[in-house]
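The values are calculated or read from the model by the stated rules, or taken from the named source; none is laboratory data. Since the model is a prediction, treat every value here as computed from it, not as a measurement. Cβ sites come from the backbone with ideal geometry, for glycine too, and all protein chains shown count toward neighbours.
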Amino acid sequence: MSKSSEVREVPLTSSPHARPPAPVWASLTATFFGSGYLKPGPGTWGSLATMLLWAGIAYLLPVDWRMPVNVGLAGAAVAIGIPAATLVARASGLKDPQFVVIDETAGQLITLVGVPLGWKTFLAGFILFRAFDITKPPPVRQLERLPEGTGIVVDDVGAGVYGWVVMQLLLHFGVFNH
């Protein structure tokens with residue numbers, strides 16, 4: 001075979017558009033075990049998966065353990081979610097990929113901190129978090145400007161805090177006692 005007819009293999013990484021894939025742990029974390037690939041509205045699916053998983057865990061825990069475990073899980077979602085979201089966003093080439101839903105996991109867990117186990121309270125917490133996540137009231141919208149995974153996750157932490165405050169007010173005023 002002459003040199004002119006030889007076919008050269010070019011590694012994918014030499015292409016300016018090819019990116020190495022994210023590590024499996026980062027992809028599983030960032031998509032909350034694949035729930036971020038569900039359509040339509042991957043963020044809603046991520047929140048729903050989180051809420052249902054937390055309801056199952058909370059049901060199995062003694063009441064006194066629910067709040068510290070919830071806070072610990074929310075903290076873990078933030079601490080592990082930021083680097084996972086960063087790696088997956090870099091691999092996808094997108095600033096804030098819709099399929100990254102670990103941010104919804106963190107925010108939904110924050111909204112549900114101290115919320116009694118029950119369908120009405122969980123439904124209210126779900127709706128509150130999604131409303132604040134979608135509307136992004138100040139300063140939540142500004143938090144998106146933070147770099148990489150920090151911006152992806154921390155804006156939903158802010159939405160979760162808003163949801164938590166409203167949820168605590170609803171509980172304080174006995175809205176669910178009727």
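Kindly provide the set of residues from the stretch 78-93 that are among the polar types (S, T, N, Q) and surrounded by fewer than 21 Cβ atoms within 10 Å (Cβ to Cβ), ordered by number.
At the first step, the residues of the stretch 78-93 found to be among the polar types (S, T, N, Q) are 86, 92.
Listed by number, the list holds a single entry, SER92.
Out of GLY151, GLY118, which single residue is surrounded by fewer than 21 Cβ atoms within 10 Å (Cβ to Cβ), among the small types (Gly, Ala, Ser) and within 20 Å of GLY56 (Cβ to Cβ)?
GLY118
Restricting attention to the stretch 43-97, and to residues there that are farther than 26 Å from GLU144 by Cα and charged (D, E, K, R), which single residue is nearest to the chain's Cα centre (by Cα)?
Residue satisfying both the conditions and the ranking: ARG66.
Among ALA74, ALA159, which is the only one that is over 22 Å from GLY34 (Cβ atoms) and either surrounded by fewer than 17 Cβ atoms within 10 Å (Cβ to Cβ) or of a type in the set (A, V, I, L, M) (or both)? Lay out the reasoning, then the answer.
Values: ALA74 fails: over 22 Å from GLY34 (Cβ atoms).
Sole residue among the options that is over 22 Å from GLY34 (Cβ atoms) and either surrounded by fewer than 17 Cβ atoms within 10 Å (Cβ to Cβ) or of a type in the set (A, V, I, L, M) (or both): ALA159.
Any idea how many residues of the stretch 98-115 are assigned to a helix (DSSP H, G or I), β-branched (Val, Ile, Thr) and over 25 Å from HIS172 (Cα atoms)? Reasoning before the result, please.
Just the residues of the stretch 98-115 that are assigned to a helix (DSSP H, G or I), to begin with: 102-111.
Filter once more, keeping what is β-branched (Val, Ile, Thr): 102, 105, 110-111.
If we keep only those that are over 25 Å from HIS172 (Cα atoms) too, we end up with 102.
So the answer is 1.
Against the definition (basic (Lys, Arg), at negative phi and in a loop (DSSP other than H, G, I, E, B)), how does LYS95 come out, yes or no? First the steps, then the outcome.
Values: basic (Lys, Arg): yes; at negative phi: yes; in a loop (DSSP other than H, G, I, E, B): yes.
For LYS95, the condition - basic (Lys, Arg), at negative phi and in a loop (DSSP other than H, G, I, E, B) - is met.
Within the stretch 116-178, considering only helices (runs of 4 or more DSSP H) that don't extend past its boundaries, which have at least 3 residues that are within 30 Å of ASP64 (Cβ to Cβ) and either under 19 Å from the mean Cα position of the chain (by Cα) or aliphatic (A, V, I, L, M) (or both)? Explain how you work it out, then say what you get.
Details: elements: 119-135, 140-143, 148-172.
In the stretch 116-178, the matching helices (runs of 4 or more DSSP H) lie at 119-135, 148-172.
Which count do you get for residues in the stretch 122-148 that are of a type in the set (A, V, I, L, M, F, W, C) and exposed (fewer than 13 other Cβ atoms within 10 Å of the Cβ)? Walk me through how you get there before you give the answer.
Our first condition is that a residue be of a type in the set (A, V, I, L, M, F, W, C); within the stretch 122-148, this holds for 122-124, 126-129, 131-132, 134, 140, 143, 146.
Subsequent filtering for residues that are exposed (fewer than 13 other Cβ atoms within 10 Å of the Cβ) retains 123, 134.
Qualifying residue count, the stretch 122-148: 2.
Of the residues LEU171, LEU112, which single one is touching a Pro at 6+ places or on another chain (Cβ under 8 Å) and at negative phi?
Working: LEU112 fails: touching a Pro at 6+ places or on another chain (Cβ under 8 Å).
Within the list LEU171, LEU112, the selection yields LEU171.
Given the structure, is VAL88 over 17 Å from GLY160 (Cβ atoms), modelled with pLDDT of 95 or more and assigned to a helix (DSSP H, G or I)? Full working, then the answer.
Working: over 17 Å from GLY160 (Cβ atoms): yes; modelled with pLDDT of 95 or more: yes; assigned to a helix (DSSP H, G or I): yes.
Criteria met by VAL88.
Name the residues in the stretch 68-80 that are in contact (Cβ under 8 Å) with a residue 24 or more places away in the chain and farther than 18 Å from LYS136 by Cβ, would you? Walk me through how you get there before you give the answer.
Our first condition is that a residue be in contact (Cβ under 8 Å) with a residue 24 or more places away in the chain; within the stretch 68-80, this holds for 70-71, 73-74, 77-78, 80.
Once the filter is applied, which keeps residues that are in contact (Cβ under 8 Å) with a residue 24 or more places away in the chain and farther than 18 Å from LYS136 by Cβ, the stretch 68-80 yields ASN70, VAL71, LEU73, ALA74, ALA77, ILE80.
Among the residues of the stretch 94-115, what is the count of those that are surrounded by fewer than 21 Cβ atoms within 10 Å (Cβ to Cβ), touching a residue at least 60 places away in the same chain (Cβ under 8 Å) and closer than 24 Å to ASP64 by Cβ?
The qualifying residues number 0.
Is it fair to say THR44 is in a helix (DSSP H, G or I) and modelled with pLDDT of 95 or more? Lay out the reasoning, then the answer.
On the way: in a helix (DSSP H, G or I): yes; modelled with pLDDT of 95 or more: yes.
Spelling it out, THR44 is indeed in a helix (DSSP H, G or I) and modelled with pLDDT of 95 or more.
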